[in-house]
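In what follows, a structure is listed as structure tokens, so that the remarks can point back to it.
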Amino acid sequence: MIEVSRYRPAFKPDLRYAYATGRIRALESRQLRRQDIERLIEVRHPEEAVRILTEGGYGGELPRLEGWSDFEYMLEIQQRSVIDLLSELSKDTSISDLFLERYDFYNLKVLLKAKYSHQDLDHLLIGIGRTSIDLLKKAVMESDYRGVSGAIKDIIGWVDTVWEGMLDPQLIDVAVDNRMYDRFLSIVVPFGNRFLHDWLRLEIDLANLRTFLRLKWLGLEDIMDQVLVKGGTIEELKFLSLRGESWERVIEAFRKTGYADVVAEGVGHLLDASSFSRLESLSDGLIISFLRRAKLQPFGIEPLIAYVLLREYEFKAVRAIVVGKMNGVADDLIRERVVNGYV
Amino acid sequence: MRLTVSATRMELLRLKKRLILARRGHKLLKDKQDELMSQLLGLVERIGEVRREVETRLEEVYGHFLSARMSLDDRTLEAALSFPGKVVKLKATQRLILNIRVPVLKPEIEGKIYCYGFASTPGDLDVALKKLEQLLEKMIQLAEMEKTLQLLADEIERTRRRVNALEYVLIPDLQEAIKYITMKLEEMERESLTRLMRVKEIIRGE
Amino acid sequence: MTGLEIALIGVGLAVILAGIGSAIGVGVTAQVANGVMSEEPELFGRVLLLTALPGTQGIYGFLVGFLVIMKLGLIGTTTGIPLFKTLTVGQGWQLFLSCLPIAFAGIFSAIHQGRVCATGVEMTAKQPGGAGKAMVLAVFVEFYAVLGLLASILLIYRNW
């Protein structure tokens, strides 16, 4: 069990990252602060929020932002620049590749869905990944596996063989998600960095926890054993044994773990308001406070990884605010969502 | 407008029969219109109820969907939903209300509505889809009712046009024609009476 | 080995070890400073001192080495017979040992001061006003290098 509030990172200083760490510290000073987030929440018009972001460096290389349609594009450019920074500064390519491969797995999902639903979904592909989209396309459409990783090849092969029998699109996402985490574990565990391993286990635990609560709420507990991800600190058996139990029992079962607050408060909000937003912002918040521990680390890959992930959470907060603003969500609701997670 | 009729007794009889027929038809159509009207009003009331319910619940669905959208970018969200697992087939049959054919929609729903992985999507998407799924049958029912309403309204319109045609054109015309023929016939009668009297006088005078 | 050889090994150690320490310390700090300046070039002035600070140990080592050489009379003018001509093995060892404080204090304090300064530069990146405080903390490490230097000097200039 990873107790975030008491987590003492065992950092090993890695002087190869001295330059990277210096650069990250300078970049960290430009991240949105609490008052920036507050300012964003309080703007009247979403255009104003976009303007604040552009002034705060979000515009980047964009010539000029013209409102809403460009907003997601703006975030994507930021996302790209963060990933580029990671590739540039990382001395351990296996780790920076892990972050790139997330996009491979995403693209793989899109391509597999396009293949089996006979649609053209090319507009959904994201061209950041480690494997080029053309190679992935060849692998999915023509079973030509040159240039793709073993994990991707396995997934395509597996989906191809079971598809006829199941015809269930959910299968594609579940297969890709599960194997993505397997792949990440297979990179992170031999790498031997405790911070990274703990982060990944935390992610898996929280992903499983959310999945578990969602399935329970939906009454779909029978598929639970297929969709849980392996490799976290919470045993799969623990979740399986809680199938069909009352919500009180579930909260009780996690009381003594580091996830007690996330579960208790998240479930409370779920039952009151039929919304998972609290659960999700609390679980994001837990990961964020875990990642912030990397600020204690003078040199190493940890600050770099933490910076990349924290920026991604920042983008998420910004998106929640701007999308909320566009759709006239009350300030307090936006604040409640963002404050638990980001600030 | 006066009907161009020949003022004969035969014609008068024929017109009188037509008038009786028109009056009966008018009454029948009027009854039909009233009946349709009461059906329509009942339906409108029920539709109002269902529509309000569907709208409030749809609003809820959009709320949850918005909440999901707040934590996921548009592309990933679209990718998650790009391959729906739920197939809804509608089977349309017909039923008769007062001789009007109205549709009966029977949905055949199969597959799961949750077509995406759980690890990479926000939970409020589940909530939105669950509520949408519960709403689906209501929405189909509403569609069916609204189509029926439309057909009923068309029929009422048509019936009213007929009633009006009978009431304001055909019946007054017939009445006028009958009056005209009656008067004409009376006139002719008087004429022939006068003629007879004149003939009689001539005969008497000789 | 003659006394002179032993004394010169001491000189070498003082210069080399303190120099290694400083090179590592400045190296680390300079890398971090480069990282910071690639994003915030205007911070050069503030991080410059922090980057230079771990370099002092090398200077101290060199100073001690220089003092020993002076003492031996290898360079410069001295009155009477230069010491290195009459240096016994025992005196050689004495000079050798006098060099050790700055050699060891130098290498370790420079490396650790390098870390302190590097993190100080990181802190300056976040709060440019923090450079002064980081300096103060780095000077705490410097203190022990200075003590090593003092010990060495006192040992060299004791009464022979």
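The values are calculated or read from the model by the stated rules, or taken from the named source; none is laboratory data. Since we're looking at a predicted model, the values are computed, not measured. Virtual Cβ from ideal backbone geometry, glycine too; neighbours counted across all protein chains shown. With ligands, DNA and RNA removed, areas are computed over all heavy atoms of the protein, side chains included. Shrake-Rupley method; radii C 1.70, N 1.55, O 1.52, S 1.80 Å.
C:ILE107: open to solvent by less than 30 Å² (accessible area, probe 1.4 Å), under 22 Å from C:LEU8 (Cβ atoms) and within 15 Å of the chain's Cα centre (by Cα), yes or no? The answer is yes for C:ILE107.
Among the residues of segment B:169-177, are any among the polar types (S, T, N, Q), more than 14 Å from chain A (Cβ to nearest Cβ) and open to solvent by 70 Å² or more (accessible area, probe 1.4 Å)? Yes, the conditions are met somewhere in segment B:169-177. Comparison of C:THR119, C:THR124 shows that the only residue that is assigned to a helix (DSSP H, G or I), at negative phi, surrounded by 18 or more Cβ atoms within 10 Å (Cβ to Cβ) and out of contact with any helix residue (DSSP H, G or I) (no Cβ under 6 Å at 6 or more places or on another chain) is C:THR119.
Within segment C:43-84, no residue satisfies the criterion of being of a type in the set (Lys, Arg) and at pLDDT 90 or above. The set of residues from segment B:97-122 being in contact (Cβ under 8 Å) with a residue 24 or more places away in the chain and not in a loop (DSSP other than H, G, I, E, B) comprises B:ILE97, B:ILE100, B:ARG101, B:VAL102, B:PRO103, B:VAL104, B:LEU105, B:PRO107, B:ILE109, B:GLU110. Of all the numbered requirements in (1) buried (at least 21 other Cβ atoms within 10 Å of the Cβ); (2) within 9 Å of another protein chain (Cβ to nearest Cβ); (3) closer than 19 Å to A:ALA49 by Cα; (4) under 14 Å from the mean Cα position of the chain (by Cα), A:VAL323 misses one, and that requirement is (4). Inside segment C:95-120, residues that are of a type in the set (Val, Ile, Thr) and in contact with a Gly (Cβ under 6 Å, 6 or more places away or on another chain) make up a count of 3. Looking across C:GLY114, C:GLY92, one residue alone is within 14 Å of another protein chain (Cβ to nearest Cβ) and at pLDDT 90 or above. It is C:GLY114. The listed residues are C:PHE108, C:PHE104, C:PHE44, C:PHE62, and the only one of them that is aromatic (Phe, Trp, Tyr), part of a helix (DSSP H, G or I) and within 16 Å of C:GLU122 (Cα to Cα) turns out to be C:PHE44. Checking each residue in segment A:147-169 for being within 14 Å of chain B (Cβ to nearest Cβ) and open to solvent by 10 Å² or more (accessible area, probe 1.4 Å) picks out A:TRP163, A:MET166, A:LEU167, A:ASP168. Residues in segment A:306-314 include none that are buried (at least 21 other Cβ atoms within 10 Å of the Cβ) and at the interface with another protein chain (Cβ under 9 Å from one of its Cβ atoms). Here B:VAL61 passes the criteria (1) modelled with pLDDT of 90 or more; (2) open to solvent by 30 Å² or more (accessible area, probe 1.4 Å); (3) within 26 Å of A:ASP168 (Cα to Cα) except the one numbered (2). The selection criterion, being of a type in the set (Gly, Ala, Ser), out of contact with any strand residue (DSSP E or B) (no Cβ under 9 Å at 6 or more places or on another chain) and within 14 Å of chain B (Cβ to nearest Cβ), holds for A:GLY231. Condition (residue is open to solvent by less than 60 Å² (accessible area, probe 1.4 Å) and without any contact (Cβ under 8 Å) to a residue 40 or more places away in the chain) applied to segment B:26-47: is it met by at least one residue? Yes, that holds for at least one residue.
Each row is one residue, and each column tells you yes or no for (1) under 22 Å from the mean Cα position of the chain (by Cα); (2) within 13 Å of chain B (Cβ to nearest Cβ).
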position	(1), (2)
A:GLU221	no, yes
A:GLN226	yes, yes
A:LEU237	no, no
A:LEU242	no, no
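Within the set A:ARG179, A:ARG194, A:ARG210, the sole residue that is away from chain B (no Cβ under 12 Å) and open to solvent by 20 Å² or more (accessible area, probe 1.4 Å) turns out to be A:ARG194. Residues considered: A:ARG44, A:ARG39. Of these, the only one that is open to solvent by 10 Å² or more (accessible area, probe 1.4 Å), part of a loop (DSSP other than H, G, I, E, B) and either within 14 Å of chain C (Cβ to nearest Cβ) or charged (D, E, K, R) (or both) is A:ARG44. Output the number of the condition that B:ARG162 fails; it satisfies all remaining conditions of (1) surrounded by fewer than 16 Cβ atoms within 10 Å (Cβ to Cβ); (2) of a type in the set (D, E, K, R); (3) under 25 Å from B:LEU21 (Cα atoms). The one condition B:ARG162 does not meet is (1).
State yes or no: is B:GLU78 surrounded by fewer than 17 Cβ atoms within 10 Å (Cβ to Cβ), within 14 Å of chain A (Cβ to nearest Cβ) and assigned to a helix (DSSP H, G or I)? Against the criterion (surrounded by fewer than 17 Cβ atoms within 10 Å (Cβ to Cβ), within 14 Å of chain A (Cβ to nearest Cβ) and assigned to a helix (DSSP H, G or I)), B:GLU78 qualifies.
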